[in-house]
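Peer 1: Pasting a structure below so you can have a look.
The values are calculated or read from the model by the stated rules, or taken from the named source; none is laboratory data. In this text, all values refer to a predicted model and were calculated from it rather than measured experimentally. With ideal geometry, Cβ positions are generated from the backbone for all residues, glycine too; neighbour counts draw on all protein chains shown.
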Amino acid sequence: MLGRVMGSGIEPMSRRVLITGAGSGLGRELALRFAERGDRVCCVDLYADRAEETRGMLRGGGHLALVADVGSDAAMAALKAQVMAAWEGLDVLVNNAGIALGGEIAHVVAADWQRTLNINLMGVVRGVREFVPMMERQGAGLVINTASFAGLAGAPGLGAYGVAKAAVVALSEGLRAELHPKGIHVAVVCPSFFKTRLLESFQGADSTPLKHIANKLMEQSPIDAAAVSRIVVDQTSRGRFMILPHRDTWMRWRMKRWFPEFYFRQVLRYVQQMTRQRG
């Protein structure tokens, strides 16, 4: 094993790191950050050219570029076999791959619900199921699950996406308690909007106005994927579980929990404002 647990986090030696959705956005930036720390990174993506492009950007050697669909049991089992053949284990698992879906809850078709849950939730489950047993045998490891602030505070027009991400948060909480006695640390990342390629997968029957609003929020974000990745790598090294990269999200999360009606009115007012600006 190339990484070891120190206190409540993972001591950054030369670790074996696997990142799904590493072909762009946050996944690519995380790959760059881990490689900068001297880790070997397995860049996993649905598209071979994107995975290979990320691998070619990484500092150091020993990196991998592999193709896998996190929505497929067979593909994830095959990915595990490839990782075992190359590395004989894994120290850090980053379940990052995901898609975006917009639409009002009552109008999202069943197929879109199934696709969103299969990738955004069950993709994480598959990653855990295939790779955590390796860490259990090693007696150490780190699991990072990418959720969203939408999983902590539901937003109109993002119901299916928010449901999947809320489930990832709940999964991470349970997983944390299960794995802590085994020397494995778990973290969940809940970013708000930031500049990324996630909107390329944005779908839904009535998603066009929502995509416009989301794009505007991304453009207004004070941080980008590189900044989020630095925060994630730093805070996981400190043993942090809940990672909210945007400074204002801690306040918004507490507001939602302590003053739900006030938070609800703020959400409605902001959506109305964004809708008027679009018009």
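Peer 1: Among the residues of the stretch 53-65, is there at least one that is closer than 29 Å to Thr116 by Cα, among the basic types (Lys, Arg) and touching a residue at least 40 places away in the same chain (Cβ under 8 Å)? Let's see the steps before the verdict.
Peer 2: Taking the stretch 53-65 first, the residues closer than 29 Å to Thr116 by Cα are 53-55, 64-65.
Narrowing the set further to residues that are among the basic types (Lys, Arg) leaves 55.
This time we only want the ones that are touching a residue at least 40 places away in the same chain (Cβ under 8 Å), so: none.
No: the stretch 53-65 contains no residue that is closer than 29 Å to Thr116 by Cα, among the basic types (Lys, Arg) and touching a residue at least 40 places away in the same chain (Cβ under 8 Å).
Peer 1: Taking the stretch 15-73 on its own, how many of its residues are among the acidic types (Asp, Glu) and at pLDDT below 95?
Peer 2: 0
Peer 1: State yes or no: is Ala74 within 16 Å of Met122 (Cα to Cα), free of Cβ contacts under 8 Å to residues at least 12 places away in the same chain and exposed (fewer than 15 other Cβ atoms within 10 Å of the Cβ)? Step through it out loud before you land on a result.
Peer 2: Working: within 16 Å of Met122 (Cα to Cα): yes; free of Cβ contacts under 8 Å to residues at least 12 places away in the same chain: yes; exposed (fewer than 15 other Cβ atoms within 10 Å of the Cβ): yes.
When the stated conditions are applied, Ala74 passes them.
Peer 1: Tally time: how many residues in the stretch 47-63 are buried (at least 20 other Cβ atoms within 10 Å of the Cβ) and either of a type in the set (A, V, I, L, M) or in a loop (DSSP other than H, G, I, E, B) (or both)?
Peer 2: Adding up the residues that qualify gives 3.
Peer 1: OK, next. Between a residue in the stretch 236-255 that is within 14 Å of Gly151 (Cα to Cα) and any residue that is at pLDDT 95 or above and among the small types (Gly, Ala, Ser), which pairs come within a Cβ distance under 7 Å, given they are 6 or more apart or on different chains?
Peer 2: From the stretch 236-255, the pairs are Ile243/Ala187.
Peer 1: Then there's this: Within the stretch 256-268, can you find the residues that are at pLDDT 80 or above, assigned to a helix (DSSP H, G or I) and either more than 14 Å from Ala150 (Cα to Cα) or hydrophobic (A, V, I, L, M, F, W, C) (or both)? Give the steps one after another, and end with the answer.
Peer 2: Of all residues in the stretch 256-268, those at pLDDT 80 or above come to 256-266, 268.
Applying the additional criterion that residues be assigned to a helix (DSSP H, G or I) yields 256-258, 260-266, 268.
Of everything in the stretch 256-268, those that are at pLDDT 80 or above, assigned to a helix (DSSP H, G or I) and either more than 14 Å from Ala150 (Cα to Cα) or hydrophobic (A, V, I, L, M, F, W, C) (or both) turn out to be Trp258, Pro260, Glu261, Phe262, Phe264, Arg265, Gln266, Leu268.
Peer 1: Pick out the one residue from Ser229, Ser207, Ser237 that is surrounded by 18 or more Cβ atoms within 10 Å (Cβ to Cβ), hydroxyl-bearing (Ser, Thr, Tyr) and at pLDDT 75 or above.
Peer 2: Details: Ser207 fails: at pLDDT 75 or above; Ser237 fails: surrounded by 18 or more Cβ atoms within 10 Å (Cβ to Cβ).
One residue alone meets the criteria, Ser229.
Peer 1: Out of (1) surrounded by fewer than 16 Cβ atoms within 10 Å (Cβ to Cβ); (2) farther than 18 Å from Gly127 by Cβ; (3) in contact with a Lys or Arg (Cβ under 8 Å, 6 or more places away or on another chain); (4) in contact (Cβ under 8 Å) with a residue 24 or more places away in the chain, what's the single condition that is false for Gly38?
Peer 2: Failed condition: (3).
Peer 1: Okay, moving on. Do we have any residue at all in the stretch 143-150 that's hydroxyl-bearing (Ser, Thr, Tyr) and either surrounded by fewer than 22 Cβ atoms within 10 Å (Cβ to Cβ) or not in a helix (DSSP H, G or I) (or both)?
Peer 2: Here is the first cut: in the stretch 143-150, the residues hydroxyl-bearing (Ser, Thr, Tyr) are 146, 148.
Restricting the remaining residues to those that are either surrounded by fewer than 22 Cβ atoms within 10 Å (Cβ to Cβ) or not in a helix (DSSP H, G or I) (or both) gives 146, 148.
Among the residues of the stretch 143-150, at least one is hydroxyl-bearing (Ser, Thr, Tyr) and either surrounded by fewer than 22 Cβ atoms within 10 Å (Cβ to Cβ) or not in a helix (DSSP H, G or I) (or both), which makes the answer yes.
Peer 1: Any idea which of (1) of a type in the set (A, V, I, L, M, F, W, C); (2) under 20 Å from Val233 (Cα atoms); (3) modelled with pLDDT of 95 or more is the one Ala77 doesn't satisfy?
Peer 2: Just one mismatch for Ala77, condition (2).
Peer 1: Looking at Ala81, Ala177, Ala86, Ala160, which one is closer than 25 Å to Phe264 by Cβ and either in a helix (DSSP H, G or I) or over 14 Å from the mean Cα position of the chain (by Cα) (or both)? Walk me through it before giving the result.
Peer 2: Values: Ala81 fails: closer than 25 Å to Phe264 by Cβ; Ala177 fails: closer than 25 Å to Phe264 by Cβ; Ala86 fails: closer than 25 Å to Phe264 by Cβ.
So the residue among Ala81, Ala177, Ala86, Ala160 that is closer than 25 Å to Phe264 by Cβ and either in a helix (DSSP H, G or I) or over 14 Å from the mean Cα position of the chain (by Cα) (or both) is Ala160.
Peer 1: Looking at the structure I just gave you, is Asp69 free of Cβ contacts under 8 Å to residues at least 40 places away in the same chain, of a type outside the set (S, T, N, Q) and not in a helix (DSSP H, G or I)?
Peer 2: Values: free of Cβ contacts under 8 Å to residues at least 40 places away in the same chain: yes; of a type outside the set (S, T, N, Q): yes; not in a helix (DSSP H, G or I): yes.
Criteria met by Asp69.
Peer 1: Filter the stretch 95-114 down to the residues that are in contact (Cβ under 8 Å) with a residue 40 or more places away in the chain and of a type in the set (A, V, I, L, M, F, W, C) and list them by number. Step through it out loud before you land on a result.
Peer 2: Going residue by residue through the stretch 95-114, those that are in contact (Cβ under 8 Å) with a residue 40 or more places away in the chain are 95-105, 107-109, 112-113.
Within the stretch 95-114, Ala97, Ile99, Ala100, Leu101, Ile105, Val108, Val109, Trp113 qualify.
Peer 1: Answer with yes or no whether Val271 is on the phi < 0 side of the Ramachandran plot, at pLDDT 75 or above and either surrounded by 13 or more Cβ atoms within 10 Å (Cβ to Cβ) or not small (Gly, Ala, Ser) (or both).
Peer 2: No, not satisfied.
Peer 1: For Ala167, are the conditions met, namely being within 21 Å of Ala111 (Cα to Cα), surrounded by fewer than 22 Cβ atoms within 10 Å (Cβ to Cβ) and of a type in the set (Gly, Ala, Ser)?
Peer 2: Working: within 21 Å of Ala111 (Cα to Cα): yes; surrounded by fewer than 22 Cβ atoms within 10 Å (Cβ to Cβ): yes; of a type in the set (Gly, Ala, Ser): yes.
Here the answer is yes, as Ala167 does meet what is asked.
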